[in-house]
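Q: Quick one: this structure, given as structure tokens, is what I'll be asking you about.
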Amino acid sequence: MAKEFRRITFNKLEMRGALETSAASSGAKLPAGDVVSVKASRVDNAFFYELSLFDYTKQKEGSVNLPEEQALEALLSHSIEAGIPLPRAARKEVREIDGALCLDMFIE
């Protein structure tokens, strides 16, 4: 049977928006600054995305370690708010590609 693959790539501004939405809903504090880089990492058997932030007004660096599940939730919520149609039955995963977070969807 044929399968469909879709990928939505989020730019750094969209990643920041997704993080702000996710942080606001969970009550977490997000450091100020623009997303300047994304790096995937693994600790034991858990996957994380380290987002480096830079606050240009204060000339200060910061970072956020985002567990894979939270990254997926943030990108899904951002997509829904932005009106991007997402297939319900698809398997959804987060990937870091060329310094950006991507939402991959696999439809059977």
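Values in this text are rule-based calculations from the coordinates and carry no lab data. Being a predicted model, the structure only gives us computed values, none of them experimental. Counting neighbours? That spans all protein chains shown, and the Cβs are built from the backbone with ideal geometry, glycine included.
Q: Fewest Cβ neighbours within 10 Å first, please rank MET105, MET15 accordingly.
A: Exposure proxy ranking, most exposed first: MET105, MET15.
Q: Let me ask another. Among 67-75, 50-58, 86-94, how do they line up from the highest to the lowest mean number of other beta-carbon atoms within 10 Å?
A: Numbers: 67-75: 18.9, 50-58: 14.7, 86-94: 13.1.
Those peptides, ordered most packed to least, come out 67-75, 50-58, 86-94.
Q: Going highest first, how would you order 59-65, 35-41, 79-85 by mean Cβ packing within 10 Å? Walk me through the numbers before you get to the answer.
A: Working: 59-65: 12.7, 35-41: 15.6, 79-85: 11.1.
Listed from highest to lowest mean packing, they are 35-41, 59-65, 79-85.
Q: What value, in deg cm²/dmol to 500, does the helix sum -39500 (n - 2.57) over DSSP H runs of n ≥ 4 give at 222 nm once divided by the residues of the chain?
A: Taken over the chain, the calculation gives -8500 deg cm²/dmol.
Q: Also, I was wondering about something else. Where the centre of each part is set by its Cα atoms, how far does the stretch 47-107 sit from the stretch 9-38, in angstrom?
A: Using only Cα atoms, the two centres lie 8 Å from each other.
Q: Right, next: Give the angle, between 0 and 90 degrees and rounded to the nearest 10, that separates the Cα long axis of helix 68-81 from the longest principal axis of the Cα atoms of the chain.
A: 80
Q: Would you order ARG6, ARG42 from fewest to most other beta-carbon atoms within 10 Å of each residue's own beta-carbon?
A: ARG42, ARG6
Q: Taking 7 Å along the Cα-to-C-beta vector as the label spot, tell me the ALA40-ALA24 distance in nanometres, rounded to one decimal.
A: 2.9
Q: What is the dipole size for the chain, taken about its Cα centre, with +1 at each Lys and Arg Cβ and -1 at each Asp and Glu Cβ, in debye to the nearest 20?
A: Using only the charged Cβ atoms, the result is roughly 80 debye.
Q: Shifting gears a bit: How big is the chain by the Kirkwood estimate over distinct Cα pairs, in Å?
A: Value: 14.5 Å, from the Cα pair sum.
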